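Everything below concerns the one structure shown next.
The values are calculated or read from the model by the stated rules, or taken from the named source; none is laboratory data. Everything quoted here is computed from the prediction, not taken from an experiment. Note that we place each Cβ from the backbone using ideal geometry, even for glycine, and neighbour counts take in every protein chain shown. For the accessible areas, the whole protein counts, side chains as well, though only heavy atoms, and no ligand, DNA or RNA atoms are used. Shrake-Rupley method; radii C 1.70, N 1.55, O 1.52, S 1.80 Å.
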Amino acid sequence: MMITRKAYAKINLGLDVTGRREDGYHIVRMIMQNVDIYDTLTFEKNDLGKIGLTANKDTIPTDEHNLIYKVCALLMEKYDIKEGVDVHLEKRIPVAAGMAGGSTDGAAAFYGMKELFDLPITKEEMCEMAVKLGADIPYCIMGGTMLSEGIGEVLTALPDMPDCYILVGKPDINVSTGWVYTELDSKEIEFHPDIDGMCDAIGSGDLGGVCQRLSNVLEPVTKSKYDIIGKIEALMEDGGAVRSIMTGSGPTVFGIFDDEAKLKQAYDKVKESGYCPELFMSKPVNPKY
């Protein structure tokens, strides 16, 4: 039997940092949203009693450094699984992009293992196990439109994001999340996003209200070092985006559009610029797991 799972990327409609715990984790308030950009994972049992992980890109680690491998090993130990599993990853989500590409693959591994081995594990139990591996994985397990608090593990489901089109572009740079947070800690945050107002705008289906409140406290840090982020945002807005901002710790930028023709126009502008080797026309999705 072969099991196939899609692992959807996420963007941050709002990202605020409100403090830091003694263990170093930052306390956040975020609005998370899946977009229709995904990796594909396939799972098959093997008779070797081992985890075999392969990927379509040779830059992807296929050992215990990969979250897919870690999740499989964790579940095999917890449920005393003697058979092995072969997993193949088709990677499409940009790497080191602020889109939870590794975390969403880890979440898909929970679901793939559950189905393949018929494991008696609930979403809530998955989230409890997952947060020890990565703060974004619980959101990726639940998916959709969510308010994320604590270190990312306290999740509140929100109504679906209003219909729109989303252009996502990653420039040819990689940003260290650790560096971004270290820089953030050395500064005072001047402006905190209106997370509650965005929740209200989502609840009332007000796309303009959502776009008006798009904000990310990490963006000034990353943008100060990489001015290409601002250039991409300007191109998207010149092309018709209602608003454009950076997601996560960057460097990926997304723009929200209320019209598909404008989306395609902006796609052509950004493509022509050469700023984003990885560029996607997308939309919000709410996977039903």
Any residue at all in region 68-77 that is over 30 Å from Leu207 (Cβ atoms) and of a type in the set (D, E, K, R)? yes
With respect to the numbered conditions (1) surrounded by fewer than 22 Cβ atoms within 10 Å (Cβ to Cβ); (2) in a strand (DSSP E or B), which one is the sole condition not fulfilled by Glu115? (2)
Tell me, which residue of region 39-61 that is assigned to a loop (DSSP other than H, G, I, E, B) and over 16 Å from Arg92 (Cα atoms) is nearest to the chain's Cα centre (by Cα)? Lys50
Flag if Ala97 is crowded, with 17+ Cβ neighbours inside 10 Å, modelled with pLDDT of 95 or more and in contact with a strand residue (DSSP E or B) (Cβ under 8 Å, 6 or more places away or on another chain): no
Conditions (1) farther than 29 Å from Thr182 by Cα; (2) in a strand (DSSP E or B) -> Glu77 fails only (2)
Run down Glu64, Glu44, Glu22 and say which single residue is touching a residue at least 12 places away in the same chain (Cβ under 8 Å), more than 15 Å from Ser148 (Cβ to Cβ) and among the acidic types (Asp, Glu). Glu44
Lys70 vs (1) open to solvent by 30 Å² or more (accessible area, probe 1.4 Å); (2) under 20 Å from Ser148 (Cα atoms); (3) touching a residue at least 60 places away in the same chain (Cβ under 8 Å): all pass except (2)
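Residue-wise test of (1) modelled with pLDDT under 95; (2) closer than 18 Å to Asp136 by Cα; (3) acidic (Asp, Glu); (4) touching an Asp or Glu at 6+ places or on another chain (Cβ under 8 Å).
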{"site": "Val35", "(1), (2), (3), (4)": "no, yes, no, no"}
{"site": "Asp39", "(1), (2), (3), (4)": "no, yes, yes, yes"}
{"site": "Glu44", "(1), (2), (3), (4)": "no, no, yes, yes"}
{"site": "Thr54", "(1), (2), (3), (4)": "no, no, no, yes"}
{"site": "Asp58", "(1), (2), (3), (4)": "yes, no, yes, no"}
{"site": "Asp63", "(1), (2), (3), (4)": "no, no, yes, no"}
{"site": "Tyr69", "(1), (2), (3), (4)": "no, yes, no, yes"}
{"site": "Asp80", "(1), (2), (3), (4)": "no, no, yes, no"}
Filter pass, Asp268 being farther than 23 Å from Ile173 by Cα and acidic (Asp, Glu): no
